[in-house]
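The values are calculated or read from the model by the stated rules, or taken from the named source; none is laboratory data. The shown structure was predicted, so the numbers you read here are calculated from the model rather than taken from an experiment. We place every Cβ from the backbone using ideal geometry, glycine too, and count neighbours over all the protein chains shown.
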Amino acid sequence: MATAREYLELFYAENPGAGSMRSRLREVRAEIERTGTYTHTLDELTFGARAAWRNSGRCIGRLYWHSLRVRDRRRVSTAEGVAVECVNHLRAAVSGRRIRPTITVFAPDRPGAPGPRIWNEQLIRYAGYQMDDGSVVGDPRYAGFTTMARELGWRGGPGTPFDVLPLVISMGDGAPPLLCGVPGDAVLEVPLSHPRYPWFERLGLRWHAVPAISSMCLEIGGICYRAAPFNGWYMGTEIGARNLADPDRYNLMPVIAAHLGLDTRDDRSLWRDRALVELNLAVLHSFDRAGVTVTDHHTESRRFLVHLEREERAGRVCPADWSWIVPPISASATPVFHRYYDDVELSPNFAYHPGSVERALGRRSVTGG
Ligand code: ARG
């Protein structure tokens, strides 16, 4: 009740047209006494999801927090229904080739009636197939998840480095999960090429256009929406400087450096740095060429400081975690590097409830390689 009240105070302070807080508080108190929980109105849910984004200290892209589209799917009551709505989310998040920040909210946990769980970290991720020689084909981050999916009955994809994993969904933590392939037409992907190097396209690289995080809990006023997948659009560095570059992901820096003819035995040839720049250039070039929404770290850094200023002018603190806000390449060439931030925890927010999926699986890590 205390957490609900705190949220309603925020909601009514920022939504002056919403009417009387006192009568709403009475209603919420009565519902909690009767049922052990309470139900957000659509306006409370919508504002709560937007405020959770606004309060996400790790996200550089919050300038447009107010435009988040909220899909209320709290009445979907089966794993099949959740899978269908996850696929519909991917379709709704893309209009032509433009990406719209979108969240789909499924039923929260209620006393005696747990809501759905999406076991995937994101709605679209690539499988990582563990080979006998210890190497991994695909994304090593999801080798554990891939093995688990196969043990649960997934036949596996064609075996390329970019096979989309199935959705794994259960009602509550203990229940056996449903596996559901994501139809190809719901997965917008961009093949990667470089503006100057024809060999780059022949590497056969690609990435999906929509990052849709599905493993975080949306917390609003004491209510836990454990299944609430949300997406924005990509910043190029997430793909070019992390997913495709990290040594424990696709580890492409040595491959690119070799094609560039750089001396990879000498750290001081800066072959890693030069390979990173070309890879990131290719990511931005390819998304632009395909007409798919993407941002770059210079633009997004500037936008973030605009957002920060707006928040301060509105009399709010803007929580920000320097180590996440600063981009992974060319940090000091962006304005977000040259200052510190308030890193406070505000509510509503997105949170991890670690262990629920692992517990269901008998403690095996599902995201580790
Ligand atoms: N970094 C994650 C990835 O590469 C996605 C995180 C969310 N990113 C975003 N632009 N909304 O898949």
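So which residues in the stretch 11-38 are part of a helix (DSSP H, G or I), over 23 Å from A107 (Cβ atoms) and touching a Phe, Trp or Tyr at 6+ places or on another chain (Cβ under 9 Å)? Even if it seems obvious, please write down each step before you answer.
Applying the first criterion (part of a helix (DSSP H, G or I)) to the stretch 11-38 yields 11-14, 16-18, 21-35.
Filter once more, keeping what is over 23 Å from A107 (Cβ atoms): 12-14, 16-18, 21-23, 25-26.
Hits for the stretch 11-38 are E14, A18, M21.
Here is the figure for the stretch 100-124: residues that are within 22 Å of R69 (Cβ to Cβ) and part of a loop (DSSP other than H, G, I, E, B) total 9.
The set of residues in the stretch 306-345 that are surrounded by 13 or more Cβ atoms within 10 Å (Cβ to Cβ), of a type in the set (A, V, I, L, M) and in contact (Cβ under 8 Å) with a residue 60 or more places away in the chain comprises A320, I325, I329, V336.
If I filter the stretch 6-24 for residues that are in contact with a Gly (Cβ under 6 Å, 6 or more places away or on another chain), of a type in the set (S, T, N, Q) and either modelled with pLDDT of 95 or more or under 21 Å from F230 (Cβ atoms) (or both), do I get at least one hit?
Just the residues of the stretch 6-24 that are in contact with a Gly (Cβ under 6 Å, 6 or more places away or on another chain), to begin with: 7.
Now restrict to residues that are of a type in the set (S, T, N, Q): none.
Within the stretch 6-24, none of the residues are in contact with a Gly (Cβ under 6 Å, 6 or more places away or on another chain), of a type in the set (S, T, N, Q) and either modelled with pLDDT of 95 or more or under 21 Å from F230 (Cβ atoms) (or both).
Can you pull out every residue in the stretch 247-292 that is more than 26 Å from V136 (Cβ to Cβ) and assigned to a loop (DSSP other than H, G, I, E, B)? The answer is G261, D263, D266, L270, G291, V292.
State whether the residues of the stretch 75-82 include one that is within 16 Å of the ligand (Cβ to nearest atom) and either closer than 22 Å to P176 by Cβ or out of contact with any helix residue (DSSP H, G or I) (no Cβ under 9 Å at 6 or more places or on another chain) (or both). Taking every residue of the stretch 75-82 in turn, none turns out to be within 16 Å of the ligand (Cβ to nearest atom) and either closer than 22 Å to P176 by Cβ or out of contact with any helix residue (DSSP H, G or I) (no Cβ under 9 Å at 6 or more places or on another chain) (or both). In the stretch 307-323 there is at least one residue that is within 16 Å of the ligand (Cβ to nearest atom), among the acidic types (D, E) and at pLDDT 95 or above. If you go through the stretch 308-346 and keep only what is part of a helix (DSSP H, G or I) and under 25 Å from R242 (Cα atoms), you end up with W322, S323, W324, I325, A331, S332, A333, P335, V336, F337, H338.
Report, by residue number, each residue of the stretch 262-294 that is of a type in the set (S, T, N, Q) and out of contact with any Gly (no Cβ under 7 Å at 6 or more places or on another chain). T264, S269, S286, T293 - these are the residues of the stretch 262-294 that are of a type in the set (S, T, N, Q) and out of contact with any Gly (no Cβ under 7 Å at 6 or more places or on another chain).
Return the total of residues in the stretch 56-90 being outside any strand (DSSP E or B), basic (K, R), within 16 Å of the chain's Cα centre (by Cα) and surrounded by 15 or more Cβ atoms within 10 Å (Cβ to Cβ). Full working, then the answer.
So in the stretch 56-90, the residues outside any strand (DSSP E or B) come out as 56-68, 74-90.
After this cut, where a residue has to be basic (K, R) as well, the list is 58, 62, 74-75.
Pick out the ones that are also within 16 Å of the chain's Cα centre (by Cα) and you get 58, 62.
With surrounded by 15 or more Cβ atoms within 10 Å (Cβ to Cβ) added as a condition, the list becomes 62.
Number of matching residues: 1.
The residues of the stretch 55-70 that are touching a residue at least 24 places away in the same chain (Cβ under 8 Å) and not hydrophobic (A, V, I, L, M, F, W, C), listed by number, are N55, S56, G57, R58, G61, R62, Y64, S67, R69. Among the residues of the stretch 79-111, those that are in contact with a strand residue (DSSP E or B) (Cβ under 7 Å, 6 or more places away or on another chain), under 14 Å from M171 (Cα atoms) and among the charged types (D, E, K, R) comprise E80, D109. Of all the numbered requirements in (1) more than 16 Å from the ligand (Cβ to nearest atom); (2) under 17 Å from L279 (Cα atoms), R265 misses one, and that requirement is (2). Annotation: of all residues in the stretch 174-185 being buried (at least 16 other Cβ atoms within 10 Å of the Cβ) and out of contact with any Cys (no Cβ under 9 Å at 6 or more places or on another chain), the one that is nearest to H208 (Cα to Cα) is L179.
Scanning the stretch 286-305 for residues that are polar (S, T, N, Q), under 20 Å from S56 (Cβ atoms) and buried (at least 17 other Cβ atoms within 10 Å of the Cβ) yields T293, T295, S301. Working only within the stretch 39-55, note down all residues that are crowded, with 21+ Cβ neighbours inside 10 Å and assigned to a loop (DSSP other than H, G, I, E, B). Residues satisfying the conditions are H40, N55. Kindly indicate the residue of the stretch 198-235 that is away from the ligand (no atom under 16 Å from the Cβ) and β-branched (V, I, T) and also surrounded by the fewest Cβ atoms within 10 Å (Cβ to Cβ) among those meeting that condition. That would be I223.
Inside the stretch 156-246, counting only strands (runs of 3 or more DSSP E) that do not spill past its ends, which hold 1 or more residues that are free of Cβ contacts under 8 Å to residues at least 60 places away in the same chain?
Qualifying strands (runs of 3 or more DSSP E): 167-171, 178-180, 189-191, 206-208.
Any residue that is over 23 Å from V87 (Cα atoms) and modelled with pLDDT under 95 - is there at least one of those in the stretch 173-182? There is at least one residue in the stretch 173-182 that is over 23 Å from V87 (Cα atoms) and modelled with pLDDT under 95.
Spot the failing condition for R74; the list is (1) among the basic types (K, R); (2) under 27 Å from G291 (Cα atoms); (3) touching a His at 6+ places or on another chain (Cβ under 9 Å), and only one is missed. Unmet for R74, out of (1) among the basic types (K, R); (2) under 27 Å from G291 (Cα atoms); (3) touching a His at 6+ places or on another chain (Cβ under 9 Å): (2).
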